[in-house]
Amino acid sequence: MKIIVAGSTGFVATEVIRQALSIPAITSVVALARRTTAVPQNAGPSADASKLKSVVCDDFENYTETVKKELVGADACIWLIAVTFSNVKTMPFEDVRKICLDYTLKGMETMAQLPRDSASNPLRFIYTSGHGAQRDQSQKPWIQGDYTLMRGKTESLILEFAKNSNGAVEACVTKPGIIDAPGRTGPVMKVLGSIGRAIISLPILDVGEIAATLLQQAVNGIEKDTLLHEDLVRIGQKALAAENIAR
Ligand SMILES: NC(=O)c1ccc[n+]([C@@H]2O[C@H](COP(=O)([O-])OP(=O)(O)OC[C@H]3O[C@@H](n4cnc5c(N)ncnc54)[C@H](OP(=O)(O)O)[C@@H]3O)[C@@H](O)[C@H]2O)c1
């Protein structure tokens with residue numbers, strides 16, 4: 001099967017690609033980003049790097065025909081383009097909204113319109129949001145309120161799009177807390193993580209587990225439209241054991 005990993009240069013996407021290259025059921029990985037995606041350094045002996053195709057997109061609001069051609073025939077998209085919680089203050093909020101919300105919906109809409117074999121299953125669109133993203137727009141959280149409402153609205157719009165797609169698209173929204181990797185969390189993140197956990201009980205998930213979950217849903221089908229922390233741990237650990245993927 002062919003999968004698209006959008007935001008392929010990012011932290012989670014790098015682990016998704018690393019694992020995908022070792023999964024026999026995945027025969028093609030389109031790495032979609034605003035810059036070139038390299039083969040992950042720790043890909044491992046079972047990885048087949050020839051499956052990876054880096055596709056650079058200069059404008060995520062207007063896909064060129066060249067980029068669209070590379071996306072044709074995909075069975076699933078794992079969407080990881082976003083401005084993360086910790087980077088929200090680095091740019092105007094309208095840019096954050098454009099990247100997190102507009103790019104995602106445009107990407108989903110563009111992929112849904114690409115020609116597909118009538119015998120194919122629906123396109124599986126697997127989106128990663130965040131634990132605190134709030135769908136109820138009347139409930140503004142006191143921490144990063146505009147951001148969490150915007151991410152929640154994005155979740156709702158994705159699920160609504162899939163629901164109204166006449167079976168063309170199936171969607172899944174994952175809601176991890178903090179995503180960590182061995183050696184990644186510096187002292188500042190450790191303190192923030194402790195504060196986050198103390199204030200809003202933010203759970204910590206290993207990047208290997210969420211990557212394995214995203215791939216499992218892409219390959220085997222969507223279990224349910226929203227996956228919370230416990231689901232991500234359960235599905236991810238089972239998938240890692242089944243695929244026997246080393247760290
Ligand atoms: N990391 C965590 O602890 C955590 C926790 C909960 C939820 N999440 C969610 O998980 C998802 C992935 O997170 P991550 O940690 O992997 O994020 P990341 O490392 O910051 O990666 C984000 C990706 O989005 C791309 N991107 C950002 N701005 C862009 C723009 N203007 N145009 C095109 N592409 C752009 C980045 O491209 P460049 O590489 O070119 O910048 C990168 O490929 C996000 O939705 C995030 O909110 C993450």
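Annotations for the structure displayed:
- In the context of the full set of protein chains, the chain has a per residue accessible area of 49 Å² (1.4 Å probe).
- Helical content alone sets the calculated 222 nm signal of the chain at -12000 deg cm²/dmol, taking -39,500 (n - 2.57) per DSSP H segment of four or more residues and averaging over every residue.
- Other residues within the sphere of radius under 12 Å centred on the Cβ of residue 91, judged by their own Cβ, net out at +1 (K and R +1, D and E -1).
- Whole-percent carbon and sulfur share, accessible surface of the chain, 1.4 Å: 52 percent
- Full-stretch length increase - residue 106, residue 84 - with 0.36 nm per residue and alpha-carbon distance subtracted: 6.0 nm
- A straight Cα-to-Cα reach below 26 Å connects residue 2 with the lysines 51, 53, 68, 69, 106, 163, 175, 224, 238, residues fewer than 8 places away in its own chain not being considered.
- Here is the list for the range 55-137: GluC sites (Glu not before Pro) lying in DSSP coil, each with at most 15 other C-beta atoms within 10 angstrom of its C-beta, are 61.
- Between 24, 176, 40, the GNM of the chain built on Cα springs shorter than 10 angstrom shows 24 fluctuating the most.
- Take the Cα radius of gyration of the chain and divide it by 2.2 N^0.38 Å, N being the number of residues; the result is 0.96.
- When the Gaussian network model of the chain links Cα atoms closer than 10 Å, the mean-square fluctuations of 183, 236, 208 top out at 183.
The values are calculated or read from the model by the stated rules, or taken from the named source; none is laboratory data. Not measured: the values here are computed from a predicted model. Every residue, glycine as well, gets a Cβ built from its backbone with ideal geometry; the counts of neighbours run over all protein chains shown. Only protein heavy atoms, including side chains, enter the accessible area calculation; ligands, DNA and RNA are left aside. Shrake-Rupley method; radii C 1.70, N 1.55, O 1.52, S 1.80 Å.
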